[in-house]
1. Pairs needed: first member in the range 111-130, within 19 Å of K153 (Cβ to Cβ) and within 16 Å of ligand 2 (Cβ to nearest atom); second member anywhere, assigned to a helix (DSSP H, G or I) and polar (S, T, N, Q); C-beta distance under 9 Å; at least 6 residues apart or different chains.
2. Could you list, in sequence order, the residues of the range 97-113 that are closer than 27 Å to T177 by Cβ and either touching a helix residue (DSSP H, G or I) at 6+ places or on another chain (Cβ under 6 Å) or within 16 Å of ligand 1 (Cβ to nearest atom) (or both)?
3. Taking the conditions exactly as written (in a strand (DSSP E or B), away from ligand 1 (no atom under 16 Å from the Cβ) and out of contact with any Lys or Arg (no Cβ under 7 Å at 6 or more places or on another chain)), does L260 satisfy them or not?
4. Restrict the check to the range 246-258 and report whether at least one residue is within 16 Å of ligand 2 (Cβ to nearest atom) and in contact with a strand residue (DSSP E or B) (Cβ under 8 Å, 6 or more places away or on another chain).
5. Report yes if K163 is within 21 Å of Y95 (Cβ to Cβ), of a type in the set (D, E, K, R), away from ligand 1 (no atom under 16 Å from the Cβ) and free of Cβ contacts under 8 Å to residues at least 24 places away in the same chain, otherwise no.
6. Please enumerate the residues belonging to the range 175-206 that are without any contact (Cβ under 8 Å) to a residue 12 or more places away in the chain and within 16 Å of ligand 2 (Cβ to nearest atom).
7. So is T209 under 28 Å from I466 (Cβ atoms), away from ligand 2 (no atom under 13 Å from the Cβ) and surrounded by fewer than 21 Cβ atoms within 10 Å (Cβ to Cβ) or not?
8. State whether one or more residues within the range 296-314 are outside any helix (DSSP H, G or I), within 30 Å of E347 (Cβ to Cβ), more than 16 Å from ligand 1 (Cβ to nearest atom) and hydroxyl-bearing (S, T, Y).
Amino acid sequence: MSGYKDSKFDEKEFDKMGLKYLEKIKFEKLKCSRAARRMAQITKWAIRVVTVLLILACAWQLAEIRGALKPRVAHGQRLLSSSFAPERVYKSNGYLMVSSNGGLNQMRAGICDMVAIARYINVTLIVPELDRTSFWNDQSQFNDIFDVDYFIKSLRDEVRIIKELPPHLKKVEEMGTYFSMPPVSWSNMSYYLHTVLPRIEEYELLHLTKSDARIANNGIPLEVQKLRCRVNYNALRFANPIEKLGRKIVEILGQNGPFLVLHLRYEMDMVAFSGCNEGCTDKEVEELTKMRYDYPWWKEKVIDSTKKRKAGLCPMTPEETALTLKALDIDPNIQVYIAAGDIYNAEKRLASLRAAFPNLVKKETLLPDSDLLPFKDHSSQMAALDYVVSIESDIFFATYPGNMAQVVEGHRRFLGFKKTIIPDRKLIVALVDKYNQRKINFNEFSKLMKKGHEARMGNPVRRLVIPGKPKEEDYFWSNPQECLPPIEEEPPPTISL
Ligand SMILES: *[C@@H]1O[C@H](CO)[C@@H](O)[C@H](O)[C@H]1NC(C)=O
Ligand SMILES: *[C@@H]1O[C@H](CO)[C@@H](O)[C@H](O)[C@H]1NC(C)=O
């Protein structure tokens with residue numbers, strides 16, 4: 001098994017981020033938008049930035065002075081307790097228990113959604129329980145992965161979050177005599193107000209058994225969307241050991257120049273699950289097919305690999321990835337950090353990628369074994385380390401649009417539209433086949449590849465809305481547009497008579 005957590009593949013994965021980067025975020029957002037905006041707006045924004053930075057600097061100075069008199073909170077240079085806004089005072093309508101499901105990134109997005117729901121219906125949220133029974137079988141709990149105290153305190157001006165139920169409900173919990181239900185996927189807030197809230201009011205305690213994709217992408221009030229972002233990009237930060245080791249990897253990489261994070265979804269389970277056999281020998285296909293049939297919860301058994309690949313639905317192979325990166329003129333000397341589990345038949349399958357990009361690294365090659373030992377048996381924590389690196393990279397490239405790819409894409413947009421290449425797999429396989437059959441030369445191949453990806457670099461774009469088909473539209477978490485600087489309207493086309 002790959003030992004890498006990505007839960008159900010067709011769903012969404014996991015992740016991080018902290019207030020301590022607030023200034024940086026604001027600055028980067030502006031820095032980035034600069035390129036895209038007109039001069040006039042630049043000036044306007046610049047004034048705002050300077051003002052914001054000045055205010056922050058003053059606030060920081062004040063906090064420092066006060067901090068000298070007060071003990072600091074647990075994590076070294078983390079925020080002072082006094083810097084959290086005061087608690088919101090409201091009448092709680094009851095208690096909400098949540099079981100998050102899926103891999104790390106899927107749970108992450110789900111947790112953010114649940115906070116937004118709890119706030120909307122004025123209930124008290126119990127720190128969500130993480131999935132221990134999924135494919136990856138990671139026993140990590142919320143506080144093993146996230147900084148739970150920071151999570152609670154930094155959101156206290158919006159919603160009450162507690163670590164465990166009050167005594168009178170603990171008995172109910174122990175006896176299991178409480179109401180449990182999976183909320184309907186992709187619901188809007190009126191569902192939570194009119195269907196979920198009445199049950200909480202009736203039973204005092206309600207348990208939601210699923211958290212993935214439970215809020216629609218669109219048609220959600222602005223303040224709810226903003227809170228979803230605030231939770232994801234500010235309140236949810238990784239537990240200190242993860243954060244620290246993640247930073248260490250980023251530092252090591254940074255010392256050697258720019259780096260690209262490659263989320264290469266080519267672990268054996270992924271290849272078997274997808275049924276995409278491109279580049280595999282007959283013997284490998286047999287082995288992969290057997291694995292697919294052995295997993296009862298993988299519903300699709302008969303898969304036409306060629307057809308699926310041509311439709312752009314397969315995870316990219318390492319060979320296709322190497323060609324694509326080359327065609328996109330990625331510097332061959334850049335460090336390529338592979339954020340993934342064990343690549344299927346790695347030695348053979350990574351050969352062309354290594355030939356094109358000799359600085360191929362992963363956390364195991366950058367860190368001594370002893371650093372990774374505490375994380376080894378915790379796939380979610382290992383994925384969290386990769387998340388930290390993915391957020392910080394100069395370029396991010398994911399070969400399959402799973403949860404990690406999408407949540408990281410959204411996070412990088414939020415951090416100022418950091419370069420995130422979103423591969424057009426249908427175009428890529430068509431071009432790769434043409435190139436391999438020598439129907440086009442490398443120059444033509446490269447030109448078409450670049451043209452096809454011009455608008456797929458994580459730049460500001462509108463989130464695609466398809467009413468009634470939430471799975472087919474752009475995922476809120478891959479493009480949290482409501483939380484990003486407004487997109488410039490295209491000037492109306494000039495009509496010449
Ligand atoms: C939640 O509380 C706010 C006041 O803080 C109130 O305006 C709102 O109507 C309440 N909503 C529900 C569903 O209780
Ligand atoms: C919310 O969802 C319900 C049920 O799907 C639908 O009837 C309603 O129009 C939606 N409301 C909004 C504001 O989108």
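Bear in mind that the values in this text are calculations on the coordinates, not laboratory data. On a predicted model such as this, the values are computed, not experimentally measured, just so you know. Using ideal geometry, Cβ is built from the backbone for each residue, glycine included, and neighbour counts are taken over all protein chains shown.
1. So the pair list comes out as A116/Q225.
2. Matches in the range 97-113: V98, S100.
3. The answer is yes for L260.
4. Filtering the range 246-258 down to residues within 16 Å of ligand 2 (Cβ to nearest atom) leaves none.
No.
5. On the way: within 21 Å of Y95 (Cβ to Cβ): yes; of a type in the set (D, E, K, R): yes; away from ligand 1 (no atom under 16 Å from the Cβ): yes; free of Cβ contacts under 8 Å to residues at least 24 places away in the same chain: no.
When the stated conditions are applied, K163 does not pass them.
6. Within the range 175-206, S190, Y191, H194, T195, P198 meet the criteria.
7. Yes.
8. no
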